[in-house]
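Working notes, beginning with the structure itself.
The values are calculated or read from the model by the stated rules, or taken from the named source; none is laboratory data. Note that the structure is a prediction, hence the values are computed from the model and not measured. Positions of Cβ are generated from backbone atoms using ideal geometry, with glycine treated the same way; all protein chains shown enter the neighbour counts.
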Amino acid sequence: MPNRRRQQQVSERGVLAAAVVQHPREFIGVVMATGATVAIMVNALFLQHGPHPAPIFATRSVVPRPAAPVVAVPQLAPVVAPKAAEPRTPAQIIGDIQRELHQRGFYTGTVDGIWGAKTDGAVRDFLQAAGLKADVTPSESLLHVIATSNAKPAPAAAVAAPAHKDPIAALIAPQPAPPPQTPTASPSKRILAIQRALADFGYGQIKPTGVYDQDTQAAIEKFERERSLPVDGQISDRFVRDLAAMTGRPLE
């Protein structure tokens, strides 16, 4: 069997060689045509950039789609949180309290933002006139209470002498007797504390006996004149408040 195949292959090669020898021109033409066909196919498939200038089969041109319009998205401004109000200083609050009390007639001092005896006494007078019980410590709440209140200071009691048409009758008319200056009979803890406070702050050489006497009255009058209070030398509630505010200690 192998010998037959070899003989068949040899015979086929002989026939091909005989055909080439008999027809050399045709063989060369076939080889050249085959080489040209292969060159054209390689050029068309691998060496062309873009479509062929003269294609055999007409192809439909691809129309590029228009690009979608770019819509600009508006940039939103960043949300900035509002700044918290800075707390005010005690001097600013006290100054506003003094200003409100001055507008309502309770305070006659200077608006300086300092909590002194006049400011403390004015606040206490306001609270008493308004019928309120609140903390006397300077704060925004106290300022709000004063600013929204319609309280007015009580009118000062003035004792007017009766008018006499006859000047002789005016001389004969009896005058009101001055308050008694005699010392009190028994010592008082309140008077004792007042005497010590007046003596400590230089309002007179007072012996702390707890008994109201002329030295105590003179020291009270001196205190009232320096504080622009009605000078009567008596131990009134306003006098006690102002003296306690100045000393910073209770007088009870």
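The residues of region 118-154 that are touching a residue at least 24 places away in the same chain (Cβ under 8 Å), aliphatic (A, V, I, L, M) and farther than 18 Å from ILE93 by Cβ, listed by number, are ALA129, ALA151, ALA154.
Filtered by the rule that a residue be charged (D, E, K, R) and either closer than 13 Å to LEU101 by Cβ or in a loop (DSSP other than H, G, I, E, B) (or both), region 131-153 gives LYS133, ASP135, LYS152.
Conditions tested, residue by residue: (1) assigned to a loop (DSSP other than H, G, I, E, B); (2) more than 30 Å from ALA134 (Cα to Cα); (3) modelled with pLDDT under 70.
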{"site": "VAL30", "(1), (2), (3)": "no, yes, no"}
{"site": "PRO55", "(1), (2), (3)": "yes, yes, yes"}
{"site": "SER61", "(1), (2), (3)": "yes, yes, yes"}
{"site": "HIS102", "(1), (2), (3)": "no, no, no"}
{"site": "GLY109", "(1), (2), (3)": "yes, no, no"}
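If you filter region 185-227 down to residues that are in contact (Cβ under 8 Å) with a residue 60 or more places away in the chain and assigned to a helix (DSSP H, G or I), you find that the one that is surrounded by the most Cβ atoms within 10 Å (Cβ to Cβ) is ARG190.
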